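Written out below as structure tokens is the structure these notes cover.
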Amino acid sequence: MKYISFAIPCYNSEAYMEKAINSILAGGEDVEIIIVNDGSKDGTQQIAERYQEKYPTIVKAVQKENGGHGDAVNWGLRHATGKYFKVVDSDDWVDRDSLLRILEAVKGFVEADSLVDMIISNYVYEKVGMEHKKVIRYDNVLPENQIFRWEDIGRFRLDQYILMHSVIYRTEMLRLCQLKLPKHTFYVDNIYVYYPLPHVRTLYYLNTDFYRYFIGREDQSVNEKVMISRIDQQLFVTKSMIAMYELRLISCKKLRKYMVNYLAIMMTVSSILCIRSKKQENLLKKKELWDYLKKKDYRTYMKIRYGILGQTMNLPGRPGRKVSSLAYSVARRLIGFN
């Protein structure tokens, strides 16, 4: 039996993918590693096949034409046989001791025949040049080492929302909710951690620093210049998330509030990228985004637009945009992203 299937989407990843693979191999026969080669033009496939040959009962090498990160995740899920499913990007890695601890918890769920839908753990910003690594923990928000529901969660700070790095899903739950990420689109990790939420009934949090999120490459998708160049994809993802649910119909008040706040963050990021691009066409796209939210879900629009983030992103004129940009820069330094 495979307890956790780890999908590693790879595109021209030969320089760093082995660190990700080796870190997961510590789980031995309890894990499955699905290396998804998303149409790479370097030695990625050869490395994947070498690991598959050396660890035939653990590693699967899956080769496909290029479809982007989200499509690679789709393929990983399609090939997964484990009880749980986890995505590890090819330039990231996991902590060995935390991996073993999580596996023990999963074995306990299986033995008790009580599989939770979502497992959450901490992640670490492995940012280039930073001596002190920022750790995102949830011990002030989530009950530890016990099964709980959305009704039991506390209040999340802006810097500790649940990201792809911190979540492990029950595989069958992802399939039942028919998760499918769009092809050739960046920033779909937001869809990955937003769309399944109403389908999640039970959760479990381990206060362990499991995922190591490498950040600092110039070509990385979260580099601000790169994000501005891909603003249309950021806007597409945000609009897709707006269209997914009429949030007033989410029965659990705490989950509904969490999803509204997550959407507010997406609106903020999209807006500030439009502002910082200093292009008139992108300022028009920003207005179109807010108009789309207003038309699609007026109640949610009012909550976000006249909340602190919404007001900060919609200050009038050039001076207002300068204040918005300054506020974003301060928040970026405090939180440590990009």
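The values are calculated or read from the model by the stated rules, or taken from the named source; none is laboratory data. Note that the structure is a prediction, hence the values are computed from the model and not measured. Glycine gets a Cβ as well: all are built from the backbone with ideal geometry, and neighbour counts include every protein chain shown. For accessibility, only protein heavy atoms count, side chains too; no ligands or nucleic acids. Shrake-Rupley method; radii C 1.70, N 1.55, O 1.52, S 1.80 Å.
In table form, for the structure just shown:
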item	result
Candidate set from the stretch 249-280 (those that are surrounded by 18 or more Cβ atoms within 10 Å (Cβ to Cβ) and basic (Lys, Arg)); member that is nearest to SER229 (Cα to Cα)	ARG276
Residue match in the stretch 98-105 (condition: charged (D, E, K, R) and open to solvent by 30 Å² or more (accessible area, probe 1.4 Å))	yes
Yes/no for TYR213 being at positive phi, under 16 Å from the mean Cα position of the chain (by Cα) and open to solvent by 10 Å² or more (accessible area, probe 1.4 Å)	no
From the options TYR211, TYR194, residue that is at pLDDT 95 or above, among the hydroxyl-bearing types (Ser, Thr, Tyr), under 23 Å from MET118 (Cα atoms) and part of a loop (DSSP other than H, G, I, E, B)	TYR194
In the stretch 106-132, the residues that are open to solvent by less than 40 Å² (accessible area, probe 1.4 Å) and closer than 18 Å to ALA20 by Cα	SER121, ASN122, TYR123, VAL124, TYR125, GLU126
Verdict on ALA7 being among the hydrophobic types (A, V, I, L, M, F, W, C), closer than 17 Å to ASP189 by Cα, open to solvent by less than 20 Å² (accessible area, probe 1.4 Å) and assigned to a strand (DSSP E or B)	yes
Pair list, Cβ < 9 Å and 6+ apart or interchain, from the stretch 17-37 residues that are on the phi < 0 side of the Ramachandran plot and outside any helix (DSSP H, G or I) to residues that are of a type in the set (Phe, Trp, Tyr) and crowded, with 24+ Cβ neighbours inside 10 Å	GLY27/PHE6; VAL31/PHE6; GLU32/PHE6; ILE33/PHE6; ILE34/PHE6
Residue match in the stretch 292-301 (condition: outside any helix (DSSP H, G or I) and either buried (at least 18 other Cβ atoms within 10 Å of the Cβ) or touching a strand residue (DSSP E or B) at 6+ places or on another chain (Cβ under 7 Å) (or both))	yes
Filter result for LEU176 (open to solvent by 40 Å² or more (accessible area, probe 1.4 Å) and aliphatic (A, V, I, L, M))	yes
Any pair with Cβ under 9 angstrom, 6 or more apart, that starts in the stretch 225-245 at a residue that is without any contact (Cβ under 8 Å) to a residue 12 or more places away in the chain and ends at one that is of a type in the set (Gly, Ala, Ser) and open to solvent by 50 Å² or more (accessible area, probe 1.4 Å)	none
Selection within the stretch 64-83 - touching a Ser or Thr at 6+ places or on another chain (Cβ under 9 Å) and either of a type in the set (Val, Ile, Thr) or not in a helix (DSSP H, G or I) (or both)	ASN66, GLY68, ALA80, THR81, GLY82, LYS83
Unique match (being at pLDDT below 70 and more than 30 Å from VAL135 (Cβ to Cβ)) among LEU315, LEU334, LEU283, LEU293	LEU315
Count of residues meeting criterion [in contact (Cβ under 8 Å) with a residue 60 or more places away in the chain, surrounded by 15 or more Cβ atoms within 10 Å (Cβ to Cβ), over 14 Å from HIS184 (Cα atoms) and not acidic (Asp, Glu)] in the stretch 52-90	11
